[in-house]
Amino acid sequence: MEPYSAAHPSNDALRHWEGLYRDTKGPLPWEIDQLPEDIGKWAALVGPGSSVIDLGCGRGGHALALEKLGHVVTGIDFSASAIEEARRRAGQAGSKNASFEVADILTYRTSRDFGLAFDYSVLHHISDDRIGAYALAVERLLGGGGVFGVVCYAEALEDCGRSVARVGALGNVIFHRSYEQVCAIFSVGFRLVQYGSSRLGPRKQHAAHSFTFRKHE
C-alpha cells in the first residue's frame, strides 16, 4: 500500500483515506468509545454553548460527544464515507447542534468564528511543506482569544532533531515532531498556554504531545 499525507490530499491520497473509512466496518485505531481527556479539557476552557470545530472528524464520535456536553459542533473531513456515517449517527442520536461537512482543512472557508478548534491525531499526518498552510487555516477559523487544541505523535526516539516520517500499519505517513517543532509551527498568531504528554492508539501504546494554544486577541 502506498503511503499518503492527510492534508490537502492528492487524488491518490483521497482514495486511500476514503477507502479506509468506506471499507473498514469496525473501529479504526483512532476511534475509541470515550471522549479523550484532552478534548474534554479543551472544551472546558470555552464552556457549554461554544462553537467548536473538529478538524478531521472522521465518523463524528468526538463531535457528537461534545454536543452532549452542550456545545455547538461542526465536524469536517475530506472522506465522504466518514461524513456520511457521521451524519447517520447524528440522525440516529437526534442531534440538533452537530453538523458535518466534506471539506479539506487547508481550503475550508466559513464566516463563523469558532471558540475552539481541535485536532486529535491529524497534525502528524501533515507533511512539512504543507504545515505552514495548515497553521494559517486554523488561525482563520478562530475568533480572537479562541482555543486550539492538538494531540499528535511525539518525536521518534532515534532522531529528535528533525521531522521523522514513518509509514503506519494502514499505509499513512506519520511525522514525528518534537515539542520545539510543534511550537514553532504555531509561533505566529498563537501563544502556548498548556503542554503535557498524552497517549494514542487503542491500547494507548504511542507517546504523544498535547498542546493547548490560544489565538492572539
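The table that follows gives values for the structure above.
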| quantity | calculated |
| --- | --- |
| Potential lengthening between R22 and Y179 on full extension [0.36 nm per residue; Cα-Cα distance subtracted] | 53.1 nm |
| Positive-end residue, the chain charge dipole about Cα centroid, Cβ charges, pick of G40, G58, A154 | G40 |
| Phi-based couplings in Hz for segment 56-72 (Karplus 6.51, -1.76, 1.60; Gly and Pro marked x) | x, 6, x, 8, x, x, 5, 4, 5, 5, 5, 4, 5, 8, x, 9, 9 |
| Inter-probe distance in nm under a simple model that places probes 7 Å from Cα toward Cβ, at R15 and L136 | 3.0 |
| Helix-only [θ]222 nm of the chain, DSSP H runs n ≥ 4, -39500 (n - 2.57) each, per residue, nearest 500 | -8500 deg cm²/dmol |
| Charge dipole (debye, nearest 20) of segment 11-215; +1 at Cβ of Lys and Arg, -1 at Cβ of Asp and Glu | 440 |
| Correct choice for Rg and Dmax of the Cα atoms in Å that was computed from the model, options [x] 19.7, 70; [y] 17.4, 51; [z] 16.1, 48 | [z] |
| Neighbourhood charge, 13 Å Cβ-Cβ cut-off, centred on I126 and excluding it, Lys, Arg +1 and Asp, Glu -1 | -2 |
| Percent of beta bridges antiparallel (DSSP, the chain, rounded to nearest 5) | 50 |
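Computed from the coordinates by the stated procedures, all read-outs in this text should not be read as laboratory data. Computed from a prediction, not measured in an experiment: that's the story for all the values here. Every residue, glycine as well, gets a Cβ built from its backbone with ideal geometry; the counts of neighbours run over all protein chains shown.
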